[in-house]
Amino acid sequence: MKALRKGPNASLNIGGSFIASTANSLNFADGAKFSVTDTQSTPLLTVSVPIGLQFGATAAPISNQSQASPDGATNRLGNPVGLKVDSDKTLALVGGNLLLEGGNLTADSGRIELGSVGSNSLVSLDPTNQGWAFGYENVQNFQNIQFIERTVGDSKIPSQIDSTGIGSSNIQVWGDTVELRGYSVVLSTQNRGVGDGGDLKINARKLIIQDGAQVNAFTTGRGAGANLTVNASESVEVTGSFTDSEGTIFPSILSTVTTNAGKAGDITITTKRILIKDGAEISTDSSGIRRRNPPLEFIPATGPGGNLTVNASESIELIGTSANNLPSGFLARTLGSGDAGKITITTGQLIVRDGAAITVSSELPKLSPDFSYRGDINNLGSAGELNITADSILLDDGKLTSNSESGKGGDISLEVRDLLLMRRNSQISTNGGGDKTGGNITIKAPNGFLVATPFGNNDITANGFFGSGGKITITAKNIFGFVVRTRADLERLSNPKQPLDPSRLQTSDITAFSQQNPSLNGTIQINSPDADPSKGLVELPVNLVDASQQIAASCSSGGKIGRSSFITTGRGGLVADPTQPLIAENAVLADWITLSPESQNRAGSIQKKIVAQAQQNTEEKSQKVNSVNEPTEIVEAQGWVIDAEGNVVLVAQVPTASPHNSSLTATSCTAR
C-alpha cells in the first residue's frame, strides 16, 4: 500500500473507532482477507471479526500534520484536536515509519495506538470496550516514530497526542526508535474522574525525549493517574530544555503527576542504559494547581506521589543542570500534604555528576511574591524512600537526597558491590524539617569500599532541625577519607557558629544531630572488618642503629688493639605478612646435617631433641648429601681465645697454659 498522509486540515467525522494503516490486507476470523493489492480474490461480503493487519514486503509510512479544530474543539492543552474520535473509542495509526510533524491526535476517555512495523509483519486485533487492542507478538522488526514540530513562517507548530477523560484512558506506542523533540511536543494522558486511570506504554529499542518535549500521565480527579511504562531494549535518553521569549525554561520530562486527591501513577523503566542531562528529569509528583486568575494562589494536592522504579542493566548517567541550575535526574516529590513516592534503582554503574541529583523530597513550591500557598505549610507529607542497588556508584558534584522542609526525612538505602566514590562537594543526605527527625541512611558494601577524596567536602548527613538526628549505618570492607563529626565538633570548627552545616567544612563528614537541640543527636554505626590504615601505626626511627656494632664493641680484645665483629646468619626468612605462620614458599631454606654421637652428647638433651626431629624430617635429603660429600665433624665450642693477631678463635677446650708462654689468650665477653 502507498504512504498515507493526513494534511493540516484533515479531520474525522465518524461515530466509531478509526484505524489508519498501510497494511496489505485485513484478516478475519473465518479465514477471509480484505486485500488492497489482490482485488480479484477479495470477498464482497463476510460476517466475521477482523483479527489482524497483514503487511507485505514493504510497510509504507504514515504522516500526520492535522491541526483541525471542528466546531472549535481543543485538546487539554488548548490547541486544536487534530484527528479526533468520539469518547471511549480507538484512534490508531499502524504502518511503517510514523511521522507526526505538527500533527495532533485526540481520544477522550479512549485509546490511542501508534505502531511502526517492518515488512511481512502481522499485527493482531482484539475488540475491547474502548474499540480495539493491538498485539505485536508476530512482528519481527520495527521502524521509527517521530513526534516533532512543523515550522510555518516564523511559527513552530508542535505535535500533541492527548487521551484525556473521566476514568481509564490508554496510550500505547510500539517502534524501533521513538523520538519526541521540541517545545510543547507532548504525549499525554489525563484522568479527571473518580475511577483509576489507564496505562501509557512505550515499547522501543531506543526512546529519545529532548529539547523540551514531554511524556506525562496526570490525574486531576480523585482517581489514580495512569501508570507509565517504558520498555526500551537499548537505551532511554531524556535531555535538554526549551527557553521561551520570556526566559522561562521548560525541561524535557518523563513524568506522572497528581494535582488533586488521586494518587499519581507509577513509573517503571526497563532498559540497558539511561542518560539524563542538561536539566531534564524523570519524575513523579504530588503537585498542585496554580490558579492564575485572581486571587493568584497555589492549591496543593492531597494525593500521594507515585513510585519510580528503574532497571538499567548496564548504566545510568545523570549529568549537569539546566540554564537556571535545575538539576538533571530522578525526582519523587510532594508539594502538599500527600506523601512523596519512593525511588528504586537497580543498575550496573550509577554516575551522578556536575550538579545532577536523585531527589526524594517534601517541600514547598517556589512561588513568586504575588502567589499565596493555600495549604498548611506545617503539614507537608513525608519524603519518600530512596533505594539503590548498583555494582558501583560515582557521585562527582552529585547528590542523593531525601529531605523534608517540615516533615520527617525519608530513608536512603544503598547496596554497592564494589565502590561508592564521592568527589567535589557530593552529598548523601536525609534531613528532617520542623520538629521531625532526620531519616535513616544505610550503606551496605560488605565486599566494597566507601571513598571520599581528601578535602573534597563530601558529606553524609541525617540531621534534624528541632527534631533529633536519624541513624546512619555503614558496612564496608574499608572506608577512606571520611570523618565522623558530632554537633560539638561543628560548633568548635564553624566560623561563624551558625548554621551548623557540615558542608561549610572542607573535610568529608558524617553527621547525625539536631540543629537546635544538643540533646537530640542521632546515631552513627560503622562496621568495617579491615583495619583503618590511618590508625594504629608506629613511626619508625629515621636514623637506624646497627645493633651488631654495639654488640661487637662490648667484647674486650684482652688489651690487644683490633677490630671486633658480630655476625648473625639466619636460616629461616620472613613471610609477606608477619602475622602469618612461616611457610615454605616465603622462607629461605637450609639443609640440616647429622651431628656425630660424641657431639650430640656434648650438646645436651635439648639439642638431641632438635637434631632427632630434624633427622626425621630430612632423613632422605641428609642421606643424599652425606653420600656425595661427607661433612667435616662439627664440635661444639666450649670457650674462646685471642691469638697473637688479636683475632677471636673458638675452641673445644680452654687451654690451661700460662698466658706468658702461649700466643693464645683465654678471655670472656660480658654483655652490657
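The values are calculated or read from the model by the stated rules, or taken from the named source; none is laboratory data. The structure displayed is predicted, hence computed values, not measured ones. We place every Cβ from the backbone using ideal geometry, glycine too, and count neighbours over all the protein chains shown.
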So THR442 clears everything in (1) at pLDDT 90 or above; (2) over 17 Å from GLU385 (Cα atoms) except one condition, right? Which one? (2)
Report yes if some residue within segment 531-553 is among the polar types (S, T, N, Q), at pLDDT 55 or above and closer than 23 Å to ASN457 by Cα; otherwise report no. no
Residue selected from segment 277-317 under the condition buried (at least 22 other Cβ atoms within 10 Å of the Cβ) and under 13 Å from the mean Cα position of the chain (by Cα), by the criterion farthest from GLU363 (Cα to Cα): ALA312
Members of segment 318-340 found to be of a type in the set (Gly, Ala, Ser), surrounded by 22 or more Cβ atoms within 10 Å (Cβ to Cβ) and under 18 Å from the mean Cα position of the chain (by Cα), listed by number: SER328, GLY329, ALA332
Do the conditions hold for THR268, that is, is it without any contact (Cβ under 8 Å) to a residue 60 or more places away in the chain, surrounded by fewer than 24 Cβ atoms within 10 Å (Cβ to Cβ) and not in a loop (DSSP other than H, G, I, E, B)? yes
From (1) of a type outside the set (A, V, I, L, M); (2) at positive phi; (3) under 37 Å from the mean Cα position of the chain (by Cα), pick out the condition that doesn't hold for ASP71. (3)
From the set of residues in segment 111-169 that are closer than 19 Å to LEU83 by Cβ and charged (D, E, K, R), which is surrounded by the most Cβ atoms within 10 Å (Cβ to Cβ)? ARG111
So, in segment 166-192, how many residues would count as being in contact with a Gly (Cβ under 9 Å, 6 or more places away or on another chain) and over 22 Å from ALA264 (Cα atoms)? 6
Take residues that are among the hydroxyl-bearing types (Ser, Thr, Tyr) and tell me which of the strands (runs of 3 or more DSSP E) falling wholly in segment 69-151 contain 1 or more. 90-95, 105-107, 111-116, 122-128, 131-138
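Conditions (1) assigned to a strand (DSSP E or B); (2) among the hydrophobic types (A, V, I, L, M, F, W, C), marked per residue:
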{"site": "GLY221", "(1), (2)": "no, no"}
{"site": "VAL230", "(1), (2)": "yes, yes"}
{"site": "ILE289", "(1), (2)": "yes, yes"}
{"site": "SER313", "(1), (2)": "yes, no"}
Please pick out the residue among ILE358, ILE343 that is under 19 Å from ALA217 (Cβ atoms), under 18 Å from the mean Cα position of the chain (by Cα) and buried (at least 22 other Cβ atoms within 10 Å of the Cβ). ILE343
When every residue in segment 16-30 that is outside any strand (DSSP E or B) and either in contact (Cβ under 8 Å) with a residue 40 or more places away in the chain or of a type in the set (Lys, Arg) (or both) is compared, the one surrounded by the fewest Cβ atoms within 10 Å (Cβ to Cβ) is GLY16
Just to be sure before I move on: is ARG273 of a type in the set (Lys, Arg) and either under 19 Å from the mean Cα position of the chain (by Cα) or under 27 Å from GLY398 (Cβ atoms) (or both) in the structure I sent? yes
Subset tally (residues that are of a type in the set (Val, Ile, Thr), more than 14 Å from LEU187 (Cβ to Cβ) and assigned to a strand (DSSP E or B)) for segment 246-256: 1
